[in-house]
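Beneath this line is the structure, given in structure tokens, with notes to follow.
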Amino acid sequence: MQFARINDVTIHYQVIGAPADRPVIVFVNSLGTDFRIWRDVVVRLAGDCAIVLYDKRGHGLSDVGQLPASIEDHATDLAGLLDLLSVKDAVILGLSVGGLVAQSLYQRRPDLVRALILCDTAHKIGTSESWNARIAAVEQNGIASIVDAIMERWFTPAFRRPERTAYAGYCNMLTRQPVEGYIAACEAIRDADFTEAAKKITVPTICIVGDQDGSTPPDLVFSTAKLIPGARYEVIADCAHIPCVEQPEALTAIIRAFLTSLPPGETNR
């Protein structure tokens, strides 16, 4: 395991190398998960590109850090990690809240960003009322009290079968996140709005969504793609909010096609 001290927060990360002429992809996780969600995509991409994975503050093995923590704080953490690793000109792949972090990173440190893959995310996610209700439920009864409702957004009914052992594992992943870190991330999402910033994105961007996503529905993701000049839009069939788990082959195929379309970038290592 690899750890770094970034902005006075211990960050858990992993680097998987590749030849110096290959692109770098940085994976930014969704709310209530750690970087293990990317495994089935990473094993398909390993060797074709360098890979940076990390647990954002308040999740996985990373510190919770000082609270509150905004999306901009998360982006500053990521910038610090990439600077430490001497990574620049990277493709940033953000899922859900990770997509907000990716947009903020581009806004604050465009020198680090070669392209954006915005997966099951948007320029603004949810409403203050919906996030406040979730925060109140977690504060009162813990993360376990919202698992069923969250899993209905994360995964299709076909995936949420009792006999699917992995489904129970992802429920465990959610409930074992630090409560204070989860709540802080909910507050950060509630307060984030990149509607105007999205219009100023000039790097190649693709917006991807599962056709049954209950957290960031296709219409919302499409509206984000329309804000970003020249952005592409792809829908993954038979998939909800976390395609890297539910449809990793389809997601990997879209990533590969997008990478192939990019103009040459700088050498990153």
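The values are calculated or read from the model by the stated rules, or taken from the named source; none is laboratory data. Model, not experiment: these values are computed from the prediction. Positions of Cβ are backbone-derived with ideal geometry, glycine not excepted, and every protein chain shown enters the neighbour counts. With ligands, DNA and RNA removed, areas are computed over all heavy atoms of the protein, side chains included. Shrake-Rupley method; radii C 1.70, N 1.55, O 1.52, S 1.80 Å.
With an 8 Å Cα cut-off and a minimum separation of 6 or more residues, compute the relative contact order for the chain in percent.
Numbers: 554 pairs, mean separation 59.1, N = 269.
Relative CO of the chain lands at 22 percent.
Note down the magnitude of the dipole of segment 1-102 about its Cα centre, charges +1 on Lys and Arg C-beta and -1 on Asp and Glu C-beta and zero elsewhere, to the nearest 20 debye.
Values: 8 positive and 12 negative charges, 50 e Å.
Dipole about the Cα centre, nearest 20: 240 debye.
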Segment 56-84 versus segment 192-244: alpha-carbon centroid distance in Å: 23 Å
Accessible area of segment 178-252 belonging to carbon and sulfur atoms, whole % at 1.4 Å probe: 49 percent
Set of aspartates and glutamates near Lys200 by C-alpha distance (under 13 Å), chain-local residues within fewer than 8 positions excluded: none
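Explain nothing, just the number: dipole magnitude of segment 76-169 about its Cα centre with +1 on each Lys and Arg Cβ and -1 on each Asp and Glu Cβ, in debye rounded to the nearest 20. Provide the component values of the computation, followed by the final result.
Values: 10 positive and 10 negative charges, 38 e Å.
Charge dipole, segment 76-169, about its Cα centre: 180 debye, nearest 20.
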Top of Gly230, Gly58, Gly210 by mean-square fluctuation, Gaussian network on the chain, Cα under 10 Å: Gly230
In Å², nearest 10: area of Arg232 left accessible to a 1.4 Å probe: 110 Å²
At least 15 Å along the helix axis (C-alpha) and Kyte average at least -1.0, DSSP helices within the chain: 71-84, 97-108, 128-141, 165-175, 179-191, 248-261
Which label in (1) 49, 41, 37; (2) 58, 37, 36; (3) 83, 54, 37 gives the computed Cα extents along the principal axes in Å: (1)
Cα gyration tensor, segment 221-269 - rounded (a/c under 1.5), prolate or oblate: oblate
Electrostatic dipole magnitude of the chain [Cβ: Lys, Arg +1; Asp, Glu -1; Cα centre; debye, to 20]: 440 debye
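Just in segment 59-158: which chymotrypsin sites (Phe, Trp or Tyr not before Pro) are loop by DSSP and have at most 12 other Cβ atoms within 10 Å? Intermediate values should be presented prior to the final figure.
Values: sites: Tyr106, Trp131, Trp154, Phe155; in loops: Phe155.
Counting only loop positions with at most 12 other Cβ atoms within 10 Å, none of the chymotrypsin sites (Phe, Trp or Tyr not before Pro) in segment 59-158 qualifies.
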Longest exposed-site-free window of the chain, the sites being GluC sites (Glu not before Pro) in a DSSP loop that have at most 16 other C-beta atoms within 10 Å: 1-162
Residue-averaged 222 nm ellipticity for the chain, from DSSP H runs of 4+ at -39500 (n - 2.57), nearest 500: -12000 deg cm²/dmol
